[in-house]
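Note sheet for the following structure.
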Amino acid sequence: MSDADDNNNSGRRPMSLKRSGSGTVQQSFARGRSKAVVVETKRKRAVTPGKDTGPQGKKPQGKGKGGESALAAKARQLGLSEEELVARQRAIQRARAEAAEREEKKKRDEQDRTRRAEEERKALEEQRERVAREEEEARRREEQARIDAEAEAARKAEEARLREEQEARRKSQPKSDSKPAPARREKPSSKPAPTAEPASPPSALEAMGGRVKRKGGGGGAGPAAAAPAKPAAKAKGGDNRRRGKLTIQNILDGDEERQRSLASVRRAREREKQRRMDTGTGRDKIAREVIVPEAITVSDLANRMAERAVDVIKLLMKQGQMVRQNDILDADTAELVVEEFGHIVKRVSEADVEEGFIAEDDAEETKVSRPPVVAVMGHVDHGKTSLLDALRSTDVVAGEAGGITQHIGAYQVQLGSGEKITFLDTPGHAAFSAMRSRGAQATDIVILVVAADDSVMPQTIEAINHAKAAGTPMIVAVNKCDKPDSDPNRVLTDLLQHEIVVEAMSGETQSVNVSALKRQGLDELTEAITLQAELLDLKANAEREAEGVVIESQVDKGRGPVATVLVRRGTLQRGDIVVAGSQWGRVRALVNERGQQLSDAGPSVPVEILGLDGAPEPGEVFAVVENEARAREIAEYRQRKVRDASGVVSGGAGASLEQMMARLKQDQVQEMPLLVKADVQGSAEAIKQSLEKIGNDEVRARVIHTAPGGVNESDVLLAKSSGAPIFAFNVRANKQARELAEAEGVEIRYYSVIYDVIDDVRGTMEGMLAPEKREDFIGYAEILEVFNITKVGKVGGCRVTEGVVKRGCGVRLLRDDTVIHEGELKTLKRFKDEVPEVRAGTECGMAFENYDDIQKGDQIECFEVVEIARKLEE
């Protein structure tokens, strides 16, 4: 268990790179295996050429055992030359210096952004205060103007009323100083002379300014001739109503002051009222701030503006839109309506509910170091899971169907030095491309596993592209080096085609030769991961609400929806309210990969959470919110957005000719409906994407429903109504579902390997394809003579010149090497007997189906139509 140095120290010391001195430690493994490991002190002193080096540019080292320097011993241990070791140490120092410089620049940029954001916030607050003051001042001015206008109108109305009363009193009094009317009629061109004689009392008509035709020529008018006054008319103000009428008598009396009649006043009031209704200025408008969302009904918009819905509909009708109160308007149309009514528009979006859901980056002083998250990626069957088994000393491969990984597994491994590494095992099959993409985006380091006997394969290239797209550094692990036909150098050379240059070829990518079966090179691999993590300087704030990403989800019988999540920052605790995608819930339990219950989970810790109301989509970001109301609001918005997106895709028939033709063409495509249930959400998604890629312009697969969990009665009823079989992937149907499926005639197929699902669907869809028809030439015949047969028609006496002629085969009639008829052979006789076929060199009689225009010397070409089953392209 220990070397000679352990004689002076009792107890077992952990293996670490920070120990002083050197020695050999005997490391024990399972099943009684052991291994000797050389432990060296990692020197961090920089080598400066020309200062610390000797004549050959090497730093002088103290002599070890056998006269060998420590630098040479370290280089020999790592399998490098001293120059390469010195170059690697210098590269590490340069990388650390560059990382420190980048961190400083990042800190300065963050301070600048914070300062600019604070200045913008202050400027925005000042602008809002200024706008509020201006609006308040405008409202005060409008209110004062309205009060002044009302007071002015009241004053004018009162003055008009008093003036009318005075005029009425003046008109109602008798004119005692005027002469009788006959005197005025005698001298119409001169003014009457005033007289003191008493005049007869005027009639009511004369009092109102009219003339009365009196009897007796031009004599005076006596009291008996005057029409009696009508007190009722005077009481009703009859003299007041007609006092503005212009008559000759009024002109003769000198009453030139004319006033408007009541009809004229009434007409003027009607015109003013109509003008106000047309311009919308009948009353003082109050400019309101109207909140306009992305979609709003006509009635709701009218209520927010405090207007009548009828007026809004009239305005839209003038603009050419026929709407009703319950019709929905988009944000642009609603904004135009609000501005037309003179209100202030405030545009808001439903997406505002997600503001603050994901917080900004934490301050550097609050961050602490966290374990690296490593994704193991590569081609199928290159040993990714076996390599993880060797690191975890477990056996996961034996429990996987077909020996291939079909969902992402998350594990955390603790090294002998006490450091922790979180591993994500991603599938390598082509159908799980989306899973590999999520694995690359959620990790800090990617281990690219390449088999030494198989080299670079298609999924290896895809994993490289995913890692490059995510900007994640890679470590190449050349696996299966223990095989006799392994060639690690070939792997490194093939990687050069994809811009992966390892350190052995003067590149920056680390490369380690390992063997998961023999457990070789595992220490070098963990050392490379630790070195890369040290260069990345991974940190996170653990004293805050948790945020992270959903790795996988499923519906477990007995536990309900279960989501495997990876915490990126913060600490996830039991009782927290979590929103993941369109699902939310309170965390009831936290379980690690070993099935142990946890009270909390810090950064870079993968856990399973229980308590969500559904299985979230893998790859969704999750975060802890403050209360249930906030969580429900975000989840409902996201669910509504998903429903709207699906409704837009499936709805809207369209009325154009192009859309109609497209639908007709689409209806000609045969569809194979399917219903997929899987153990985890990621597998269901991978199966759906793989099945939808199968097909062509004639046939395709349509997955009507995918979900994690077992098959239940609802799935059977949905499959029955859709005419679709149920594909159960690593799940089973309960008793009630099986009985219902048997009664309804719904087929349930069970699978455990995704290969079988794809092959079965491909075979079924190939059977739906129309077969390909091909003509096979079988023979030629020449017409020697033409005979007319009663009740049969024309029959050609022929000689078969080539091949064979069969009864019922297809024929073409050639005349001067031109096809003039194509049909079927009706009669084939040899002498007087019907024969099935006639071979070359034999004479026979032939008659065509529904065709008699045959001549001597014509050629007959015979062929058969063969149907060939078609295949779908891979």
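The values are calculated or read from the model by the stated rules, or taken from the named source; none is laboratory data. Given the structure is predicted, the values throughout are model-derived calculations rather than measurements. Ideal geometry is used to build each Cβ from the backbone, glycine not excepted, and the neighbour counts take in all protein chains shown. These area figures cover heavy atoms from the full protein model, side chains too; ligands, DNA and RNA do not enter into them. Shrake-Rupley method; radii C 1.70, N 1.55, O 1.52, S 1.80 Å.
With every protein chain kept in place and ligands, DNA and RNA left out, what is the accessible area per residue of segment 472-564? Probe 1.4 Å, answer in Å².
48
Heavy atoms only, probe 1.4 Å: what % of the accessible area of segment 494-563 goes to carbon and sulfur, would you let me know?
Percent of accessible area from carbon and sulfur atoms in segment 494-563: 45.
For a protection proxy built on the mean count of beta-carbon atoms within 10 angstrom, sort 766-774, 295-303 highest first, please.
295-303, 766-774
Label points 7 Å out from Cα along the Cβ direction at GLU134 and LYS871: separation in nm?
Modelled inter-label distance: 7.5 nm.
Which links in LYS557/LYS735; LYS773/LYS826; LYS557/LYS720; LYS720/LYS773; LYS107/LYS420; LYS773/LYS806 stretch past 26 Å when you go from one Cα to the other?
Over 26 Å apart, Cα to Cα: LYS720/LYS773; LYS107/LYS420.
Report MET322's accessible area, 1.4 Å probe, all protein chains in place, as a number in Å² to the nearest 10.
150
Can you give me the orientation-averaged projected area of the convex hull built on the Cα atoms of segment 678-823, in nm²?
Average projection, Cα convex hull of segment 678-823: 15.6 nm².
Between the alpha-carbon centers of segment 453-470 and segment 66-127, tell me the distance in whole angstrom.
Measuring centre to centre over Cα atoms gives 28 Å.
ARG347 versus LYS720, label points 7 Å from Cα toward the beta carbon: distance in nm?
5.1
Keeping all protein chains in place and using 1.4 angstrom, which order do ASP858, ASP352, ASP816 fall into by accessible surface area, from largest down?
ASP816, ASP352, ASP858
How many nm is it between the label spots at GLN689 and LYS318, if each spot is 7 Å from the Cα in line with the beta carbon?
So the label points at GLN689 and LYS318 sit 5.4 nm apart.
Hey, any idea what % of segment 661-809's accessible area is carbon plus sulfur with a 1.4 Å probe?
46
For segment 755-830, report the accessible area per residue in Å² (1.4 Å probe, heavy atoms, rounded to an integer).
Heavy-atom accessible area per residue stands at 57 Å².
Which value in Å does the Kirkwood hydrodynamic radius of segment 773-874 take, with 1/r averaged over all unlike C-alpha pairs and then inverted?
Computed over Cα pairs of segment 773-874, the Kirkwood hydrodynamic radius comes out at 14.0 Å.
Separation of segment 707-778 and segment 599-615 by C-alpha centroid, Å?
A separation of 34 Å, based on Cα centres.
Let's test the formula: R0 of 45 Å, r as the Cβ-Cβ distance of SER34 and GLU534. What FRET efficiency results, to the nearest 0.05?
Working from the Cβ atoms, E equals 0.95.
If you rank LYS829, LYS384, LYS720 by how much accessible surface each has, with a 1.4 Å probe, what is the order from largest down?
The most accessible residue leads, giving LYS720, LYS829, LYS384.
Which of the peptides 524-534, 413-423 is most tightly packed, and how do the rest follow, going by the mean number of other Cβ atoms within 10 Å of each residue?
By packing density, highest mean first, the sequence is 524-534, 413-423.
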